[in-house]
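Asker: Could you have a look at this structure, given as structure tokens, before my questions?
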Amino acid sequence: MNVRDLIDLGDFTLDDWHKILYLAEDIYQDPMRYSSALHGKILATLFYEPSTRTQMSFQAAMMRLGGQNIGFKNPSSSSISKGENLKDTIRIVSGYSDILVIRHPKEGSARAASLFSACPVINAGDGGHLHPTQTLTDLFTLRRVKGRLQNLRIGLCGDLKYGRTVHSLIRAMSRFPGNRFTLISTPELTLPDYLVKETGAQIERCDSLEACIGDLDVLYMTRIQQERFASKEEYARQKGVYILDAEKMRLAKPDLAVLHPLPRIDEIDRAVDDDPRAVYFRQAEYGMYVRMAIILLLVTEQPDGAVTLLPAREGEHCANPSCILEAEPYIGQKVLEEDGGPRRCAFCEHAL
Ligand code: CP
């Protein structure tokens, strides 16, 4: 591993992904072998947004490696409620810890945090942008239940616009040969264009779950992200459009794998939980082993590489209202290394 921070899986090589997944499998097979691997080390979890799985699985992962945890699960219980900014918070907490995990409602917040941190930073979800440790969990789950990460037909259903787990997953799975994607969403909640173009993935669109479920090897269901809508009315129009139930499961292949990052609201009927093709609860459990592997590698290998962020040109400014720069403008505009396409914000990746 060459890069210190896990912000975007694209910063890492495929070999790095495999290294994490192999180590996670080894830990899963024999967790006691790793029970003192990080004795004396401290993980900080800074959760500016609610979480059950991600925060607790990181904390459990650190404890199962013999380390300890500090942090908050609600910024109102920290000095952020007194007006402390992201930069100061990260500088302080990274001085107390060996590795830091951040979830924040603003896109690009984890990348920004990495600029100010004295220790490795892990992105546990930055607004509607990315959720790379969920994606590694999804890859681990697919390897275990499907036996492969290639030549899969993957249906992505629900909120593909704001669903950060979907954004990270389509990027990741398009790195493996032969994968095809079926996007199942309303026109309002379809995948952002920049992702469609960037991944170059084989994509089909379908507006009915019944019409395409029979072709799928994997169905990745997602929650409609109520907290990212501008109004309750807009959310109400999207809620309940796609619901996976036992009747639709009858149309699916016998070896379909149904994944969901959870929490589930009403998009999967509870009757589906007992179907052996429903793997979302196992997926959540696997997340802890994957996070054990990530923490262990970043803390013990201490890679010191960083992603190159370029200075902005005169007048270049990110106009995305969900970008971290909107809330914390002192960070200053930075730009991603050019890849032939439009210049993009180094934090939220929106075109400048
Ligand atoms: N999958 C996931 O991120 O769940 P939490 O929001 O509970 O962490």
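Asker: Could you work out what % of the accessible surface of the chain is carbon and sulfur, using a 1.4 angstrom probe and leaving DNA, RNA and ligands out of the count?
Answerer: 48
Asker: Here's another thing I want to ask about it. I need the helices of the chain that pass two filters: whole DSSP H segments spanning 27 Å or more by Cα along the axis, and mean Kyte-Doolittle score no lower than -1.0.
Answerer: Flagged H segments are 280-301.
Asker: Taking the full set of protein chains and a 1.4 angstrom probe, give the accessible area of K41 in square angstrom, rounded to the nearest 10.
Answerer: My reading of the accessible area for K41 is about 70 Å².
Asker: Which is farthest toward the positive dipole end of segment 249-352 among A306, C318, M288, measuring Cα position about the Cα centre, with Cβ charges +1 (Lys, Arg) and -1 (Asp, Glu)?
Answerer: Of the listed residues, the answer is M288.
Asker: Largest first, what is the accessible-area ranking of E49, E301 with a 1.4 Å probe?
Answerer: Most to least solvent-accessible, the answer reads E301, E49.
Asker: By DSSP, what percent of the beta bridges with both residues in the chain are antiparallel, rounded to the nearest 5?
Answerer: Approximately 10 percent, going by the DSSP bridge assignments.
Asker: If you don't mind, there's one more thing I want to ask. For M63, tell me the accessible area in Å² from a 1.4 Å probe, rounded to the nearest 10.
Answerer: Number for this one is 130 Å².
Asker: What lysines does K161 reach when the alpha-carbon gap must be under 19 Å and sequence neighbours fewer than 8 apart in one chain are set aside?
Answerer: In chain and number order, the partners are K106, K197, K232, K239.
Asker: More than 34 angstrom separation, counting every C-alpha pair in the chain; what % is that?
Answerer: Result: 23 percent of Cα pairs exceed 34 Å.
Asker: In square angstrom, rounded to the nearest 10, how much accessible surface does E25 have for a 1.4 Å probe?
Answerer: 40
Asker: I've got another one for you. No partner Cβ under 4.7 angstrom, meaning no disulfide-compatible partner by this rule: which Cys of the chain qualify?
Answerer: If one checks each Cβ against the other cysteines of the chain, C119, C157 turn up with nothing under 4.7 Å.
Asker: Among R171, R153, R270, which one shows the highest mean-square fluctuation when the chain is modelled as a Gaussian network with alpha-carbon springs under 10 Å?
Answerer: Among R171, R153, R270, the largest mean-square fluctuation in the Gaussian network model of the chain belongs to R270.
Asker: Once amide H atoms are placed 1.01 Å from N in the peptide plane, what residues at a sequence separation of 5 or more from R344, or on another chain, have their amide H within under 5 Å of its amide H?
Answerer: L336, L352
Asker: Can you tell me the dipole magnitude for segment 221-262 around its Cα centre, using point charges on the Cβ only (Lys, Arg +1; Asp, Glu -1), in Debye to the nearest 20? Each step should come with its number before you reach the end.
Answerer: Numbers: 8 positive and 6 negative charges, 6 e Å.
Roughly 20 debye for segment 221-262.
Asker: Keeping every protein chain present and rolling a 1.4 Å probe, give me the accessible area per residue for segment 188-245 in Å².
Answerer: Accessible surface, normalised per residue, equals 53 Å².
Asker: Taking amide hydrogens as modeled 1.01 Å from N in the peptide plane, which residues meet the under 5 Å criterion relative to T45, leaving out close sequence neighbours?
Answerer: Correct list: I70, G71, F72, V101.
Asker: Hey, another quick one. Suppose only helical runs count, i.e. DSSP H with n ≥ 4. What mean residue ellipticity at 222 nm does that imply for the chain under -39500 (n - 2.57) per run, divided by all residues and rounded to the nearest 500 deg cm²/dmol?
Answerer: Mean residue ellipticity at 222 nm (helix-derived): -10000 deg cm²/dmol.
The values are calculated or read from the model by the stated rules, or taken from the named source; none is laboratory data. Note that this is a predicted model, so its numbers are computed, not measured. Cβ: placed from backbone, ideal geometry, glycine included. Neighbour counts: every protein chain shown. Each accessible area value is taken on the protein alone, full model and side chains, heavy atoms only, with ligands, DNA and RNA left out. Shrake-Rupley method; radii C 1.70, N 1.55, O 1.52, S 1.80 Å.
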